[in-house]
Amino acid sequence: MSRTLRLARDVGASLRANRARSLLMMAGVAVAVAVLSTVIMIGQGTRARILDTVQKHGLDMMMVRAGGDVQVFAPRADRGLASLLEEDARAIRSTVPNIALVSAVQNQRGITVVAGERSVLTRAFGVESDWIEIRRWGMADGEFLSAEDQAAMARVVMLGARVARELFPAGGAVGNTIRVNGDPYVVKGVFIEMGASAGGDDWDDRIVVPFTTSSRRLFGRPYLEQVVVRVRDARRMDETADAVRGLLRVRHGIASGAPDDFFVREPEDVEGAALETSTTLTSLLIGIAIVALVAGGVVIMNLMLLSVAQRTHEIGLRRAIGARRGDITLQFVLESLGIALGGGVLGIGIGAAVAAGIAALDVAAVDVTWIPFAAALIACTALGLLFGIPPARRAAALDPATSLGERRL
Amino acid sequence: MTDPHTTPVIAIRNLQRTYRKGGAETAVLRGVTADVGRGEFLAITGASGSGKSTLMNILGLLDQPDAGTYLLDGVDVSRADDDARSTLRSRHIGFVFQQFHLMERATALENVMLPLLYATDEHTDGDARARAALETVGLAHRLTHRPGELSGGEQQRVAIARALINDPSLLLADEPTGNLDERSGAEVMELLRSLQAAGRTIVLVTHDPTLAARADRAMVMRDGRLDARELAGAE
């Protein structure tokens, strides 16, 4: 067994023997590491959740909504809600560069859907066949509407997962005929479970019919709520959005200086900001935790300096029985390292427990990875070395004769 | 060449040591010369402030003389650096202190084994050696007791066992009975005598002339000089 190993074992025995003091010294670092690892895990979790949402939306998707930045309580037509037309969607597709896919979208709440004895009140969407690719939805059963359905104004309908479940609890919805506001429609497909939007809309509580069917039969109106667009190159999203804005202003005859009667929403506007906010908050909390960690290191250093003063005789004895200055330095550095790492492991335990608790209660997204743990251990090692050296040097510098003789009367 | 049987364990010549404190100089050792033969039991007495502690520290390689030579086992150690002196202490010198300086957290056995921590050689038989040392001092039945569970006399005997573990050529005892009652003190002196009988070289530092009288030979520190006068009654 090497001398260093023997010393390390001796230090371990010493730390165990002075459990109360050791734990006290570990406390500061433990709390800081617990906060640090929890914050990192929540930060990563939040980031992952937001990125997931962005992915779901599609970073390459933009949405043109009818109605500009005008009073919500104004009459419908004044708000410009009757301004966006199918022709606008067509114009976007044919004239704006960097456009991959376009779909006009209509929607209306309060649609009654009946299947046999069962009925639900839901929201209906009229969309074009490219819509599913733009939104990246999936079918659990059957298929999405086709260009032929579109051309034929077919009475076919796609059900959201919740609607399908409520109308056909036993499954097997596809192929059945249901009534939508009294008219018969054939169920062509059922969407997979989509969950809720960031805004809280239940994506599973809806039915989808071809746009031609909705505009000419179900809703009987030409104007749209939305045009959804998929661009080819997401990096050119901003200029594409500007081009769409310019086109629509011309088409709608809006005088320069007058506000838009539509609103172009780019996914980054919302998700990017959310991501940035959470990143800023995480950085701030990490900064605070690092300050706390350094404070924990300073606490260790000061308690160690105190301990050196109290243990003058022990140091003198160790010198007398053959300890070199280097052995004394090593002993105290190993002590502070042991305390810092002990505090780190303690803090990681607490942090993991807190993270598990947060995950279980689902109050925030938590991503449990090894990164905060590795970071904490590295930080504690650096801390233990850095703040252990001053006390260790002071201990090693003690004159053996004087330190032994101090108490002599 | 030096013959290990005739070479003195300690040979000091004209040792000088001066303390400087704020500009003022105090000459504590003003030319100390002495020999301690192998197996000898020497007592050094003197009033407090006479320099006997300084001499003790230099003999124990805890301090260095400003001038003069110190041959330990025939080797000049008066200019050895700090690390070399540490190694020499580990190999050649066993200390017995007035305050015992035992580790409260450790058992008697662990206390006795402590010097092995700093030994330059590997010791795989440390446990057995510590047991043997404790047996030598009559504490074979107290191996797992901690200092707090031992009497003062027993604690000092643990400290003596600790001093013996590295088989030193020199045992330095600094007021070893100073913290003990009369009976325990007498027992410790008895133990030191028996160690000498077994061949140990012992230097005892004490202010107590009656204790010094129990050594083979006593010398008196006075004004920084060691008076080589032998006490009446010594051999």
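The values are calculated or read from the model by the stated rules, or taken from the named source; none is laboratory data. These numbers were taken from a predicted model, which means no experiment stands behind them. Here the Cβ is made from the backbone with ideal geometry for all residues, glycine too, and neighbour counts use every protein chain on show.
Can you name the number of the only condition in (1) part of a helix (DSSP H, G or I); (2) crowded, with 20+ Cβ neighbours inside 10 Å; (3) among the hydrophobic types (A, V, I, L, M, F, W, C) that B:Ala173 fails?
(1)
Please go through the stretch A:147-169 and pick out each residue that is more than 17 Å from A:Arg217 (Cα to Cα) and either more than 35 Å from the chain's Cα centre (by Cα) or of a type in the set (A, V, I, L, M, F, W, C) (or both). Don't jump to the end; show me each part of the working.
Quick first cut of the stretch A:147-169, residues more than 17 Å from A:Arg217 (Cα to Cα) only: A:147, A:159-169.
If the condition is that a residue be more than 17 Å from A:Arg217 (Cα to Cα) and either more than 35 Å from the chain's Cα centre (by Cα) or of a type in the set (A, V, I, L, M, F, W, C) (or both), then A:Ala147, A:Leu159, A:Ala161, A:Val163, A:Ala164, A:Leu167, A:Phe168 are the ones that fit.
To keep it simple, each residue is scored yes or no on (1) of a type outside the set (Phe, Trp, Tyr); (2) in contact with a strand residue (DSSP E or B) (Cβ under 6 Å, 6 or more places away or on another chain); (3) within 30 Å of B:Asp127 (Cβ to Cβ).
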site	(1), (2), (3)
B:Ala163	yes, yes, yes
B:Pro176	yes, yes, yes
B:Asn179	yes, no, yes
B:Arg193	yes, no, yes
B:Gln196	yes, yes, yes
B:His207	yes, no, no
B:Thr210	yes, no, no
B:Arg217	yes, yes, no
B:Val220	yes, yes, no
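Right, A:Ile328: at pLDDT 90 or above, crowded, with 23+ Cβ neighbours inside 10 Å and within 14 Å of another protein chain (Cβ to nearest Cβ) or not?
Yes, satisfied.
Of all residues in the stretch B:180-205, which are of a type in the set (S, T, N, Q) and touching a helix residue (DSSP H, G or I) at 6+ places or on another chain (Cβ under 6 Å)?
B:Ser184
Tell me which residues, restricted to the stretch B:94-114, are in contact with a Ser or Thr (Cβ under 8 Å, 6 or more places away or on another chain) and more than 7 Å from chain A (Cβ to nearest Cβ).
Result: B:Thr107, B:Ala108, B:Leu109.
If a residue must be without any contact (Cβ under 8 Å) to a residue 12 or more places away in the chain, more than 10 Å from chain B (Cβ to nearest Cβ) and farther than 12 Å from A:Asp327 by Cα, how many such residues does the stretch A:1-21 contain?
Summing the residues that are without any contact (Cβ under 8 Å) to a residue 12 or more places away in the chain, more than 10 Å from chain B (Cβ to nearest Cβ) and farther than 12 Å from A:Asp327 by Cα in the stretch A:1-21 gives 2.
How many residues are in contact (Cβ under 8 Å) with a residue 40 or more places away in the chain and either among the acidic types (Asp, Glu) or farther than 14 Å from B:Leu191 by Cβ (or both) when one looks only at the stretch B:155-167?
Applying the first criterion (in contact (Cβ under 8 Å) with a residue 40 or more places away in the chain) to the stretch B:155-167 yields B:155-156, B:158-166.
This time we only want the ones that are either among the acidic types (Asp, Glu) or farther than 14 Å from B:Leu191 by Cβ (or both), so: B:165-166.
So the count comes out to 2.
Could you please find all residues in the stretch A:183-230 being in contact (Cβ under 8 Å) with a residue 12 or more places away in the chain, surrounded by fewer than 22 Cβ atoms within 10 Å (Cβ to Cβ) and part of a loop (DSSP other than H, G, I, E, B)?
Residues satisfying the conditions are A:Ile192, A:Glu193, A:Met194, A:Ala198, A:Trp203, A:Asp204, A:Asp205, A:Phe219, A:Arg221, A:Pro222, A:Tyr223, A:Glu225.
Against the condition assigned to a strand (DSSP E or B) and either more than 30 Å from A:Arg249 (Cβ to Cβ) or at pLDDT 80 or above (or both), how does A:Ser129 come out, does it pass?
no
Name the residues in the stretch B:65-86 that are buried (at least 18 other Cβ atoms within 10 Å of the Cβ) and polar (S, T, N, Q), would you?
B:Ser78, B:Ser86
Being out of contact with any strand residue (DSSP E or B) (no Cβ under 8 Å at 6 or more places or on another chain) and on the phi < 0 side of the Ramachandran plot is the filter here; which residues of the stretch A:105-131 pass it?
Here is the first cut: in the stretch A:105-131, the ones out of contact with any strand residue (DSSP E or B) (no Cβ under 8 Å at 6 or more places or on another chain) are A:116-118.
Passing the criteria: A:Glu117, A:Arg118.
Looking at (1) in a loop (DSSP other than H, G, I, E, B); (2) under 26 Å from A:Ala82 (Cα atoms), which one does A:Gly175 not meet, given that it meets all the others?
A:Gly175 satisfies every listed condition except (2).
When you look at B:Thr87, is it over 20 Å from A:Thr402 (Cβ atoms), of a type outside the set (D, E, K, R) and not in a strand (DSSP E or B), yes or no?
It is true that B:Thr87 is over 20 Å from A:Thr402 (Cβ atoms), of a type outside the set (D, E, K, R) and not in a strand (DSSP E or B).
So which of A:Ile315, A:Ile286 is crowded, with 20+ Cβ neighbours inside 10 Å, among the β-branched types (Val, Ile, Thr) and either in a helix (DSSP H, G or I) or away from chain B (no Cβ under 14 Å) (or both)?
Every option except A:Ile315 fails the conditions.
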